[in-house]
Each structure stands twice: as structure tokens, then as C-alpha cells.
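So the structure is just underneath, and the comments pick up after that.
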Amino acid sequence: MPETLAQSPRPSRRWLEILKIFVVGRRPRRTLVRAAVLAVTCYLVFTFVLLPVRVTGVSMEPTYHDHSINFSNRLAYLFREPRRGDVVTIRYAGIHDMLMKRIIGLPGETVSFVHGRVLINGAPLEEPYENGPCHWNIPAVKLDATEYFVVGDNRSMRWQDHVFGKTNRARIVGKILL
């Protein structure tokens, strides 16, 4: 009895051509150039323009949830200054330690909390993004010409459990997208 070897069937020439079209296209050089351009573009965008930010903590709830991922646009403040209500990333310590907070006080203003209400230069601030109960009482803080006052949206926690307050313009990295 002769021995037979099990061989896998050879793909037909037509299947190899179809596979080649899907893998590298009809023009392999053009496909490789496109892939290289895409790779360089992604590298530049995610290195210099969009910074991925993972939210850790509940200080920005309910607007931004714990463990969600967002992007910070580093070019947002290239031609304009940050505005009240913007959610920004702030360099906290080192390259990778960032805070994500909302700007409520602009340079030159006085910011205070009285019975949970934010007062800007003595006038109450309308905050449609603020839903939870807040009972903070924080004395007035005068901001310099290059300082902003930032705070998280979840103010139902004790104020001692939050990182907030004055930050210098140089520490603001970018504006959160979406």
C-alpha cells in the first residue's frame, strides 16, 4: 500500500491576485506611500496637536466620567486666550500628570464661593453645567494678570477633597474636545 502525504490544496492564481489587490492594492508603491504619509500624519497630530487624556477621578462628573478618554487640543489657545466655561488640561507635575478642570475665573477677577454659589467680582455666576448640591464657602481670591481660576464640575464633594484654584496661563496645555 503506497503512502500518501497530505497536502493542502494550492490556491488558484486568481485567489492570489485577489489577495494581492486587497493587501497592497493594484499599485503597491502608491499604497506604501499612502501608508507612510498616514503614519507620519498620525504621529504629528498625536504628538503636537491632540493629546489623549484619560479621566481618573470624579471631580468632573457628570460632564466627564471616570476612566473615559478625551482629547486635548493643544492649538486651541494659539491665537486666543482661554474663556470662562472652557474645560482645559493643566500641567500639574511632570509631563504626564495633568488636571482636567473648568475655567470659572479670568485674569484680574476676584473669585469666591458663598453657600455654594460662585461669585465673580461679587456677582453670581450662572453655571448650567453644575447640577449637584454645593455648600462651599471659600474666601475671595484675587487673580493676577496671567492667572485663571479652575475647578471641577462635581462640587457635591467637600472642597478639601478637590484640587482647584489659581493656575498660571503657562500651565494650561489645551482645550478638551467634545
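The values are calculated or read from the model by the stated rules, or taken from the named source; none is laboratory data. As the structure is a computational prediction, the values presented were derived from the model and not from experiment. Every residue, glycine as well, gets a Cβ built from its backbone with ideal geometry; the counts of neighbours run over all protein chains shown.
Residues that are more than 16 Å from Val173 (Cα to Cα), out of contact with any helix residue (DSSP H, G or I) (no Cβ under 6 Å at 6 or more places or on another chain) and in the same structural domain as Arg169 (by TED's automatic domain parsing) do not occur anywhere in segment 77-92. Residues that are in a strand (DSSP E or B) and either surrounded by 15 or more Cβ atoms within 10 Å (Cβ to Cβ) or within 14 Å of the chain's Cα centre (by Cα) (or both) do occur in segment 54-68, at least one of them. Which of the residues that make up segment 143-167 are surrounded by 12 or more Cβ atoms within 10 Å (Cβ to Cβ), under 22 Å from Gly108 (Cα atoms) and not polar (S, T, N, Q)? Answer for segment 143-167, where residues must be surrounded by 12 or more Cβ atoms within 10 Å (Cβ to Cβ), under 22 Å from Gly108 (Cα atoms) and not polar (S, T, N, Q): Leu143, Glu147, Tyr148, Phe149, Val150, Val151, Gly152, Val163, Phe164, Gly165, Lys166.
Taking the condition part of a loop (DSSP other than H, G, I, E, B), exposed (fewer than 15 other Cβ atoms within 10 Å of the Cβ), at pLDDT 90 or above and within 26 Å of the chain's Cα centre (by Cα), does Ala170 pass? For Ala170, the condition - part of a loop (DSSP other than H, G, I, E, B), exposed (fewer than 15 other Cβ atoms within 10 Å of the Cβ), at pLDDT 90 or above and within 26 Å of the chain's Cα centre (by Cα) - is not met. Taken together, Glu61, Glu109 contain a single residue that is of a type outside the set (A, V, I, L, M, F, W, C), in contact (Cβ under 8 Å) with a residue 40 or more places away in the chain, farther than 16 Å from Gly152 by Cα and assigned by TED's automatic domain parsing to the domain that holds Ser156, which is Glu109.
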